Amino acid sequence: MMRDSYAACQPGEMSLKKNNCAITSSIARKMRHRRVIALLGCIAVSTAQAAETLRYVAQVADGTVSGHQVVTRGDDGVTKVDFVFKTNGRGPEIKEVYRLAPDGTYAEYKAAGKTTFGAKVDETFVRKGDEARWHTTSDKGSVRVEGTALYSSLGGTPDGASVALGALAKRADGKLPLIPSGTLTIRRLGETQLKRGSETRQVQLVMLTGVGFTPQFLWATTGTDPRLFAFIAPGFLRLVEEGWEDNGAALEAEQVKAEAAALVDLEKRVGHPLPGLTVIRNARVFDSEHATLGEPSDVYVYRGRISEVLPAGSQAEGAGQVLDAGGRVLLPGLFDMHTHLQRWDGGLHIATGVTSARDMANDNANLQQMISEERAGTLMMPRIVPAGFIEGESQYAARGGFVIKDLQGAKDAVDWYAQRGYPQIKVYNSFPRDILGDTIAYAHERGLRVSGHVPAFLRAQDVVDLGYDEIQHINQLLLNFFVKPTTDTRTLERFYLVAEQAAGLDLDSAPVQAFLKSLLAKPVVVDPTLTAFDFIRQRPGQLSPAFAAVADHMPPDVRRSFSVAEMNIPDDATAARYEKSYQKCIEFVGMMYRAGVPLVAGTDGLAGFTLQREFELYVQAGLTPAQTLQVATWNAAKYARVLGDRGSVTPGKAADLVLVDGDPTRDIGTIRRIAMVMKGDRVYYPSEVFTELGVKPFAEPLRFTEVAASAK
């Protein structure tokens, strides 16, 4: 998540939500981290051999070493794994011990350690004959299994990828049943030769499907007994066998090409062109500027832009395709104002009505490439609004965008972003406080907005006084009342301090009211990402409230992951306190809105579904459903500086439109029942996209029909 994860590959505010294979699509919850570890935890692989030790090096985007994996295979058939990955002040520490059966699957397995946010990992699995049993901090179960089946762990290490590869190699059909459920399938995409001095090495790129929402790509050794050679999350992480790290960039480039080909094919299958004049008849159009729902209208679209909005029943001469909305609600395309995009996020975003996404931190080259691919129409992805990430150098630094040491470095970074048309920069946790004011002033001189986290050893009030235009995350605001001059918020303290103390915060107190007035005075925009912090109150085995409404629609492994906790909550009293603190976070958002503080809706989490939950929390905070939709459309476009092009159903603007089978201006939960999404000159039917991603659709599609030539 990140809860500043770079959702596709960048560490951030809640990056490694769960160490499991479920969230391999986009969840980080920024969830870059989480996603990366997730996949590798659930597809573990390796075969018992003679005693040996194999080492891997984990590097983030700029080459900084951030972890390791050491795999020791004993001649007694027992394998031990030590895995550590630390970035942005946090990360998992996992130790595994396992023994394999003759078919390459786990006979016995144990994982212990802690997750990114400190929750305990304690997982065991054993299979005796046809009986398989497992026990984790989140679930336990047993199942009778005939033949080969691989246990899919919740808290495993990247070595899990080696066990899956080895077990798959023994399967003639390339398919491997999973425990508790599912089937893993492998496809070999090609080979490449690597060099290290005079030594060469042949490795293969494989694609695995059947876990999470999207395919997963791995680099494996060749031969009859393959194992993991490298795992690469483009723009974020390279985990490569020690000694071969210099080949990481070349492997990443090859993998990006392979992923691009698969994504182009996906776009061709589910993206339908809309040539010529297109008409949506009899739709109730949401007026996002005034947060009201209008009478039935006909909306005309030509060459990807809205040409007219007329009363229902207008003549549509010359239309090439027509859709009868039947009185359904038509919204402007939704914005997710806090993402960390990766290429496979697009499907979930589009299927949930998100046609614009603000990327709040990413590897610059990776993001620029995605922007180019989206604009060229080869990548199914919302329109991207980039925020330029600037971090300060420290042991806790998030490695993405620019990591600077002095004012000149900060100015150079601002110049780079300004020259490429970025509307804003985002400042992060380790940014040097002594140059923050000058950097903000310089960014404003260059015409950029300034947003971000509150750098360590400062309070939210300090960055407001220095000139921030926007603050990310509800915890960054509430820490204003809890931090001391020595509190280092680059650590997990920025989560636990809010969880511990927000419950007792008096929102009517003078300090809180004074802070609210200072936010309103500018005003400072707030991007709360409430759903991203749902994890502070979740206990092991509890279905996350963030995804309870959609859980039964998810792939089985994703559904299982929703019950994995992230925080260390040792007893009922702590759980009650953390729950009260989370409710106080929600209450504070409502208080800000009523005071007039501008809000934008962002997630920093699982694409699409997290935004739907964010809307529900705003309604819980006291906004009406219509006001919530206004925040996610008009407000978003305004503060993303694209209101002239998007954010309302207005002639001349891009035809980014969402047709809902229900009335979300009265019941915000109906936002999940989307029948059609238009993005410019292409239409998507969420039911088709969800089916491609292994998700049970939420609504029947409402399709355009072609008009006969004689009727035009």
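Residues that are over 27 Å from Tyr422 (Cβ atoms): find the strands (runs of 3 or more DSSP E) completely inside segment 317-364 holding 2 or more of those.
319-324, 329-332
So, in segment 495-511, of the ones that are of a type outside the set (Gly, Ala, Ser) and free of Cβ contacts under 8 Å to residues at least 40 places away in the same chain, which residue ends up surrounded by the fewest Cβ atoms within 10 Å (Cβ to Cβ)?
Asp508
Between residues in segment 100-122 that are free of Cβ contacts under 8 Å to residues at least 60 places away in the same chain and closer than 21 Å to Ser561 by Cα and residues that are part of a loop (DSSP other than H, G, I, E, B) and of a type in the set (S, T, N, Q), which pairs lie under 6 Å by C-beta distance while being six or more apart or on different chains?
Close Cβ pairs satisfying both conditions: Asp122/Thr137.
Name the residues in segment 639-669 that are outside any loop (DSSP other than H, G, I, E, B) and surrounded by 19 or more Cβ atoms within 10 Å (Cβ to Cβ), would you?
Tyr639, Ala654, Asp656, Leu657, Val658, Leu659, Val660, Ile668
Condition (residue is touching a residue at least 24 places away in the same chain (Cβ under 8 Å), basic (Lys, Arg), under 25 Å from Ala640 (Cα atoms) and surrounded by fewer than 22 Cβ atoms within 10 Å (Cβ to Cβ)) applied to segment 271-291: is it met by at least one residue?
Looking for residues that are touching a residue at least 24 places away in the same chain (Cβ under 8 Å), basic (Lys, Arg), under 25 Å from Ala640 (Cα atoms) and surrounded by fewer than 22 Cβ atoms within 10 Å (Cβ to Cβ), one finds none in segment 271-291, hence no.
In segment 86-104, which residues are modelled with pLDDT under 90 and either part of a strand (DSSP E or B) or touching a helix residue (DSSP H, G or I) at 6+ places or on another chain (Cβ under 8 Å) (or both)?
Thr87, Arg90, Gly91, Pro92
With (1) surrounded by fewer than 19 Cβ atoms within 10 Å (Cβ to Cβ); (2) modelled with pLDDT under 95 as the list, and Phe704 as the residue in question, which single condition is left unmet?
Result: Phe704 fails condition (1) only.
Here's the yes/no breakdown for (1) surrounded by fewer than 21 Cβ atoms within 10 Å (Cβ to Cβ); (2) in contact (Cβ under 8 Å) with a residue 40 or more places away in the chain:
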position: Asp415; (1), (2): yes, no
position: Arg420; (1), (2): yes, yes
position: Gln424; (1), (2): no, yes
position: Tyr428; (1), (2): no, yes
position: Arg433; (1), (2): yes, no
position: Leu436; (1), (2): no, no
position: Thr439; (1), (2): no, yes
position: His444; (1), (2): yes, no
position: His453; (1), (2): no, yes
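Looking at segment 242-254 only, could you name the residues that are under 27 Å from the mean Cα position of the chain (by Cα) and over 16 Å from Phe85 (Cβ atoms)?
Ala249, Ala250, Leu251, Glu252, Ala253, Glu254
If you go through segment 180-233 one residue at a time, how many are assigned to a strand (DSSP E or B), exposed (fewer than 13 other Cβ atoms within 10 Å of the Cβ) and touching a helix residue (DSSP H, G or I) at 6+ places or on another chain (Cβ under 7 Å)?
0
Can you tell me which of Asp572, Asp604, Asp645 is without any contact (Cβ under 8 Å) to a residue 24 or more places away in the chain and over 22 Å from Arg284 (Cα atoms)?
From the options Asp572, Asp604, Asp645, the qualifying one is Asp572.
Out of the residues in segment 105-155 that are of a type in the set (S, T, N, Q) and within 16 Å of Asn568 (Cβ to Cβ), which is modelled with the highest pLDDT?
Thr136
Among Asp159, Asp139, Asp173, which is surrounded by 14 or more Cβ atoms within 10 Å (Cβ to Cβ), farther than 20 Å from Val84 by Cα and not aromatic (Phe, Trp, Tyr)?
Asp139
Might you let me know whether segment 472-480 holds any residue that is closer than 23 Å to Gly602 by Cβ, more than 26 Å from the chain's Cα centre (by Cα) and surrounded by fewer than 24 Cβ atoms within 10 Å (Cβ to Cβ)?
yes
Being of a type in the set (A, V, I, L, M) and without any contact (Cβ under 8 Å) to a residue 60 or more places away in the chain is the filter; apply it to segment 51-99 and report the residue that is farthest from Thr489 (Cα to Cα).
Of everything passing the filter in segment 51-99, Ala51 is farthest from Thr489 (Cα to Cα).
The values are calculated or read from the model by the stated rules, or taken from the named source; none is laboratory data. Everything numeric in this text was worked out from a predicted model, so none of it was measured. All Cβ positions, even for glycine, are placed from backbone atoms using ideal geometry, and neighbour counts span all protein chains on display.
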